[in-house]
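Structure first, then comments.
Nothing in this text is a laboratory measurement; each read-out follows from the coordinates by a stated rule. Keep in mind the model is a prediction, meaning the values are calculated, not measured. Cβ: placed from backbone, ideal geometry, glycine included. Neighbour counts: every protein chain shown.
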Amino acid sequence: MTLNPGSRTLAAAAVACALMLGVLMLPAGPRVARAKGNRNNHGLQVLGPVFYKNLTIFPVAGGDAPGSDAYITLDEGIKAGTVVITERGGGQAAQAPLRHPRSAGARRQNASYGGGAAAVNELALVNRSGRKLLLLAGEVIVGGKQDRIVQEDRIIPPVSVPVALSVFCVEHGRWSAREASHGGPARAPGTRGPVVAARPDDANFSSLGAVAHPKLRAAAQDKKVQAEVWNEVSANNAKLGTANSTDTYQEVYKSGRVGAQMEDYVRALEGAVLRRGVVGVVVARNGRVVWADVFASHRLFASYWPKLLKSYVVDALADDTSRAHLTADQAHHFLFARDGTLSTTTQAGVYQLVKVEQPSYAVFDLRDISLATPLRVHWNKMSR
């Protein structure tokens, strides 16, 4: 077939565009899935998959949104000492009355335990970093009277007074300061440094450098029931052989046997996914798409990628039944389908968390509404 000059020009432009995107292409195999008449793809592209055993990951490529450099992560804030989390009513983060954000559509689990004002489902957080703090549902913090996970995605502005942080307990059998460990801090599987060890002599919390696996994140952010969270922690510990006296979730990351298996997945997947321009992933387990995480920029995604990958691996290790794999078109359809019932949780002038749900999935869309044009900071979708 002979192309006319106009067609040749268009074809050359298409080739040039493909070459510019070449840095995002994964090893030869499945093609890039293209948007097909969907106007709501936000400039994102689902790329061909990388996989190891029963876990398949599709990188999602996109541009950096303006203003997306304004946020710090939990790990960055705790490491710098500018973000402090304590039990409610104790420690330096709780020397002033807690500020409760006004919200709509949020359900609260407020069962109180033990002495003082400490509560299972609420901690005190101070953000003195001078920047906005991004928190993801399922981020694991350890120490205090019980290990916890963050209940839902949110943004915390830099303020000098303590803010109420909604959490779920992931350590059913402890309500006291943890005794000092004689073995030193454990190395988190898939990381190059030690876990940030919790201090046993006060109410402060440290980051475990981990996010809860998808089933546990769903129990927290989607179901919002403490009993469901405890049930998933126990079930996961039983599957992985990490059951322990206090039924703490962090035992998964302290296990040498689980860590060795996790390292195999991490080596196979970490670098293959973290390419220039990648801002998120779609995740499939056992040939079924189960999860997606997408961020406003490559930097934010790269900051979370090591701990997100570990969370997907924990999920895969606990449920390894098939080596089937999906196509990029199937992952594309999962990522962009979002019909359903809409509800919102809002902190006026700070953020809005939009939930879209139907029986087969739920979408959580975190938006910074402090800006003239609201910014989608993080977007995740889960299969139900």
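Between ALA272 and ARG131, the simple label model (points 7 Å from Cα in the Cβ direction) yields a spacing of 3.1 nm. When each of PHE51, PHE168 is scored by the number of other beta-carbon atoms lying within 10 Å, the sequence from fewest to most is PHE51, PHE168.
Based on the Cβ-Cβ distance of SER234 and ARG323, what FRET efficiency does E = 1/(1 + (r/R0)^6) give at R0 = 41 Å, to the nearest 0.05? Present the calculation step by step, with values, prior to reporting the outcome.
Details: r = 28 Å, r/R0 = 0.67.
Step by step, r from the Cβ atoms, then E = 0.90.
Taking other Cβ atoms within 10 Å as a rough exposure proxy, SER68, SER176 sort from fewest to most as SER176, SER68. What FRET efficiency, computed as 1/(1 + (r/R0)^6) with R0 = 22 Å and r the Cβ-Cβ distance, is obtained for ALA177 and ALA227, rounded to the nearest 0.05? Approximately 0.35, to the nearest 0.05.
Which of the peptides 326-332, 348-354, 338-344 is most tightly packed, and how do the rest follow, going by the mean number of other Cβ atoms within 10 Å of each residue? Provide the component values of the computation, followed by the final result.
Details: 326-332: 20.3, 348-354: 17.1, 338-344: 12.9.
The most tightly packed comes first, giving 326-332, 348-354, 338-344.
Counting neighbouring beta carbons within 10 Å and listing from fewest to most, the residues ILE78, ILE57 come out as ILE78, ILE57.
Annotation for ALA243 and ALA260: the two label points, set 7 Å from Cα along the Cα-Cβ direction, are 2.2 nm apart.
Each residue, ASP69 and ARG288, gets one label point 7 Å from its Cα in the Cβ direction; the gap between the two is 4.3 nm.
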